[in-house]
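The values are calculated or read from the model by the stated rules, or taken from the named source; none is laboratory data. These numbers were taken from a predicted model, which means no experiment stands behind them. All Cβ positions, glycine included, derive from the backbone under ideal geometry; neighbour counts span all protein chains shown. The protein model used for the area step is the full one, side chains on, heavy atoms only, and it has no ligands, DNA or RNA in it. Shrake-Rupley method; radii C 1.70, N 1.55, O 1.52, S 1.80 Å.
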Amino acid sequence: MPVPRHVAIIMDGNGRWAQARGQPRTAGHKAGVKPVRSCIESCIRAGVGALTLFAFSSENWARPGDEVSSLMGLFVEALDAEVDDLHANGVRLRIIGDRSALSVRLQSRIAAVEARTAANTGLQLQIAVSYGGRWDILQATRQLAARCASGALRPADIDEGAFAGALALGDVPDPDLFIRTGGEKRISNFLLWNLAYTELYFTDVLWPDFDAEGFGAALDYFASRSRRFGQTAEQRKGSA
Ligand code: IPE
Ligand code: IPE
Ligand code: MG
């Protein structure tokens, strides 16, 4: 059974999960930590090499201030609580997104966790915080433009490889499988460049309820797809 090398997930539905229980939205975000752990374990078990989780988008800054600060507090708590286990399991953790917008406290936690797990060769885990696909494309463009201006790069040398390399996931293969929980069928400014040929899987399950069984169903869906990358099925068979 083909296993995706890289799975990317939009973890959506925390607020509705909490509201359905008469609880504040922030209770849903707290309940969303457990499925993160479960997905990491599932990836390790299934042999998925990389996992990227969308935790907070560029647009989520526009939410009510108390929800934003509660989420930021939760990120610090979760990093503190999980780093030992992640490290023990050989996980390399990196945060992708616009860090300049994060508090100094969160930035220093991130730097510490990344440094501690940097040499790990197990699951490559990326958490997207203050991330937007458009932000990513712009920051890559700025990097390449600066290299051109300094004479280190010629505009003609900007090909797909060079551009992809300047993106936040520059050293991670494109996602093979995208999962969005919470019922919406949209990308919401996640990995715009990288999802070009990704298999898309949507489920109505709200993120706090997404468990190993749900993840397994997404892997089964992936295994059932015929990926052609623009070619014919016959050509793909020939190259397989
Ligand atoms: C996803 O859940 C978590 C974040 C975007 C931070 P939501 O908070 O979007 O939950 P719903 O979609 O309102 O239910
Ligand atoms: C996408 O969810 C972002 C994350 C899960 C972090 P949103 O809840 O922000 O997306 P929209 O607003 O429904 O498109
Ligand atoms: Mg949502």
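The table below lists the values:
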item: Pairs of Cα atoms farther than 17 Å apart, region 193-240, %; result: 51
item: Shape call, the chain: gyration tensor on alpha carbons, a/c limit 1.5; result: oblate
item: Inter-label distance, nm, simple model (7 Å from Cα along the C-beta direction), R45/D84; result: 2.4
item: Packing-based ranking, highest mean first, of 77-83, 225-231 given that Cβ atoms within 10 Å are counted; result: 77-83, 225-231
item: Rounded FRET efficiency, nearest 0.05, which uses the C-beta distance separating E234 from A212 and R0 of 51 Å; result: 0.90
item: Fully extended contour minus Cα-Cα distance, from R147 to R105, at 0.36 nm per residue; result: 12.0 nm
item: Segment R16-S188, extension gain: residue separation times 0.36 nm, minus the distance between their alpha carbons; result: 60.2 nm
item: Segment D220-D66, extension gain: residue separation times 0.36 nm, minus the distance between their alpha carbons; result: 51.6 nm
item: Sorted largest first, extent of region 53-167 alpha carbons per principal axis (Å); result: 47, 38, 21
item: Residues whose placed amide H lies under 5 Å from that of R5, excluding near-sequence neighbours; result: D176
item: Calculated FRET efficiency for the pair A118/A156, C-beta based, R₀ 35 Å, to 0.05; result: 0.55
item: By accessible area with a 1.4 Å probe, ligands and nucleic acids excluded, highest first: order of E114, E67, E41, E234; result: E234, E41, E114, E67
item: Tensor-based shape of region 95-221 (alpha-carbon gyration tensor, a/c under 1.5 rounded, otherwise prolate or oblate); result: prolate
item: FRET efficiency, Q23 to L138 (Cβ-Cβ, R0 35 Å, nearest 0.05); result: 0.40
item: For region 27-67, Kirkwood radius (reciprocal of mean inverse C-alpha pair distance, Å); result: 12.2
item: Size-normalised alpha-carbon gyration radius of region 1-61, reference 2.2 N^0.38 Å; result: 1.32
item: Residue with peak Gaussian network fluctuation, the chain [Cα springs, cutoff 10 Å], from D220, D176, D159; result: D159
item: Spin-label zone in region 146-187 - amide nitrogen under 14 Å from a point set 7 Å from the Cα of E59 along the C-beta vector; result: 184-187
item: Whether region 158-240 is rounded, prolate or oblate, judged on the alpha carbon gyration tensor where a/c under 1.5 counts as rounded; result: oblate
item: Relative contact order of region 96-240, defined on C-alpha pairs under 8 angstrom at six or more residues apart (%); result: 20
